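Undergrad: Mind having a look at this structure? Questions to follow.
The values are calculated or read from the model by the stated rules, or taken from the named source; none is laboratory data. Remember, it's a predicted structure, so these values are computed and weren't measured experimentally. Cβ placement follows ideal geometry from the backbone for every residue including glycine, while neighbour counts extend to all protein chains displayed. All accessible areas refer to the heavy atoms of the entire protein, side chains included, with ligands and DNA or RNA removed. Shrake-Rupley method; radii C 1.70, N 1.55, O 1.52, S 1.80 Å.
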Amino acid sequence: MRLLAVGCSGSYPGPESPAACYVVSAQHEGRTWRVALDFGNGALGAMQRYFDPLDLDAVVLTHLHADHCLDLCGLKVMWCYSPVRRPTAPLDVWGPAGTSARMARAYGAAEPEPLEPCLNFRTIRAREPLSIGPFTITPVPVHHPVEAFGLRVEADGAVLAYTGDTDACDALTPLCTGADLVLADCAYIDGRDDARGVHMSGSRAAQAAVAAGGVKRLMLTHIPAWNDPEVCRSQAAEHWPGYVELAQPGHTYEL
Ligand SMILES: [Zn+2]
Ligand SMILES: [Zn+2]
């Protein structure tokens with residue numbers, strides 16, 4: 001399984017990165033399958049550097065904050081109206097309850113109907129695995145101000161645990177245990193951001209990965225442009241025994 005960080009900026013796009021969008025890919029039945037995990041602002045433009053977005057097999061949204069879903073409006077336009085190539089089937093878009101209404105509002109439609117010939121909205125439910133080609137994706141409810149899920153993605157015998165947006169919570173243990181890579185929200189800086197129930201800091205992300213057990217790699221993401229990423233890394237390194245990685249836009253990681 002491969003992980004492409006299309007965008008990894010936290011909360012809003014940064015000068016060098018779109019907001020949250022990660023694409024997992026794996027071979028299955030003689031072709032490459034691709035699933036986008038989140039589709040934040042800026043993602044659709046950058047994605048075209050790496051592959052044709054019309055080749056996506058599905059999108060899975062962790063939650064409905066703007067920095068995780070808004071570029072679906074542009075993808076809908078591509079999917080419906082491309083004069084170059086017209087997909088023969090709608091794209092499956094998995095998300096929390098209310099995803100179709102949320103995207104209709106973002107698109108400027110009163111109802112989801114104008115989007116539905118192109119985007120097939122489907123509701124994810126806690127701990128009910130999705131089977132998409134070679135991927136098994138298990139949504140795990142996490143701790144954020146709106147309904148939000150972490151995603152445990154399994155393919156090729158590898159496990160990616162993507163926390164989505166969350167503060168530290170018990171659910172991170174089943175999400176992350178034994179993962180080859182934990183891709184962890186690290187929007188907050190210890191000593192600066194006191195709010196709880198929203199995001200993790202480096203220390204909280206690292207402690208969650210340690211507590212889960214068996215995690216091979218820790219990669220911090222969702223770092224807003226106003227943070228110094230090296231501060232996030234150093235705060236995680238105080239608790240993580242290995243090298244703390246920082247997600248980089250445009251980079252592909254082998255799992
Ligand atoms: Zn976010
Ligand atoms: Zn959020």
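Undergrad: Projected onto the charge dipole of the chain (+1 at Lys/Arg Cβ, -1 at Asp/Glu Cβ, origin at the Cα centre), which of ALA66, PRO83, LEU160 gives the Cα projection farthest towards the positive end?
TA: Result: PRO83, furthest along the dipole toward the positive end.
Undergrad: Accessible area per residue, 1.4 Å probe, Å², for the chain: what's the number? Don't jump to the answer; show the numbers that get you there.
TA: Details: 10310 Å² over 255 residues.
On a per-residue basis, 40 Å².
Undergrad: Here's another thing I want to ask about it. With contacts defined as alpha carbon pairs under 8 Å and 6 or more residues apart, what's the relative contact order of the stretch 10-152 in percent?
TA: Working: 269 pairs, mean separation 27.3, N = 143.
Relative contact order comes out at 19 percent.
Undergrad: Here's a follow-up. Please turn the phi angles of the stretch 168-185 into ³J(HN,Hα) values with the Karplus equation 6.51 cos²θ - 1.76 cosθ + 1.60 (θ = phi - 60°), one per residue in order, whole Hz, x for glycine and proline.
TA: 4, 7, 4, 5, 5, 5, x, 5, 9, 3, x, 5, 5, 8, 9, 9, 10, 3
Undergrad: Using 11 Å as the cut-off for backbone N distance, which residues of the stretch 81-119 belong to the label zone defined by a point 7 Å from the Cα of ARG31 along Cα→Cβ?
TA: In the stretch 81-119, the label zone of ARG31 (backbone N under 11 Å from the point 7 Å along Cα→Cβ) covers 88-89.
Undergrad: In square nanometres and to one decimal, what's the mean projected area of the convex hull around the Cα atoms of the chain? Each step should come with its number before you reach the end.
TA: On the way: hull surface 51.1 nm².
Over every viewing direction, the Cα hull of the chain projects on average to 12.8 nm².
Undergrad: Could you point to the residue in HIS222, ALA106, TRP33 farthest towards the positive end of the chain's charge dipole, with +1 and -1 charges on the Cβ of Lys/Arg and Asp/Glu respectively?
TA: Towards the positive end, the residue furthest out is TRP33.
Undergrad: Using a cut-off of under 18 Å, list every residue of the stretch 2-34 whose amide N is near the label point 7 Å from the Cα of THR88 along the Cα-to-beta-carbon line.
TA: 29-34
Undergrad: Turning to a different aspect of this structure: Can you tell me the dipole magnitude for the chain around its Cα centre, using point charges on the Cβ only (Lys, Arg +1; Asp, Glu -1), in Debye to the nearest 20? Write down the numbers at each step before the final one.
TA: Values: 19 positive and 29 negative charges, 79 e Å.
Here the size comes out at about 380 debye.
Undergrad: A follow-up question, please. Using R₀ = 41 Å, calculate the FRET efficiency as 1/(1 + (r/R₀)^6) where r is the Cβ-Cβ separation of ALA110 and ASP156; round to 0.05. Working shown, then result.
TA: On the way: r = 43 Å, r/R0 = 1.05.
In this case the efficiency is close to 0.45.
Undergrad: Between PHE51 and ALA211, how high is the FRET efficiency from 1/(1 + (r/R0)^6) when r is the Cβ-Cβ distance and R₀ = 25 Å? Nearest 0.05. Show your work: numbers first, answer last.
TA: Details: r = 36 Å, r/R0 = 1.44.
According to the calculation, E is roughly 0.10.
Undergrad: Where Lys and Arg each count +1 and Asp and Glu each count -1, what net charge lies around CYS232 among other residues with Cβ under 14 Å from its Cβ?
TA: Values: positive: ARG192, ARG204, ARG233; negative: ASP185, ASP190, ASP193, ASP228, GLU230, GLU238, GLU245.
Value of the local net charge: -4.
Undergrad: What FRET efficiency would be calculated for the residue pair ARG192, ASP170, taking the C-beta separation as r and a Förster radius of 25 Å, to the nearest 0.05? The partial results should precede the final answer.
TA: Values: r = 25 Å, r/R0 = 1.01.
About 0.50, to the nearest 0.05.
Undergrad: Order the peptides 151-164, 220-233 from the highest to the lowest mean number of other Cβ atoms within 10 Å of their residues.
TA: Numbers: 151-164: 22.9, 220-233: 20.1.
So the order, starting with the most tightly packed, is 151-164, 220-233.
Undergrad: Farthest toward the dipole's positive end in the stretch 2-254, which of ALA208, CYS21, LEU175, given Cβ charges of +1 (Lys, Arg) and -1 (Asp, Glu) about the Cα centre?
TA: About the Cα centre, the residue reaching furthest to the positive side is CYS21.
Undergrad: Output wanted: per-residue J couplings in Hz (rounded whole) for the stretch 188-194, from phi through Karplus 6.51 cos²θ - 1.76 cosθ + 1.60, θ = phi - 60°, x for Gly and Pro.
TA: Computed from phi, the couplings for the stretch 188-194 are 9, 10, 4, x, 10, 9, 8 Hz.
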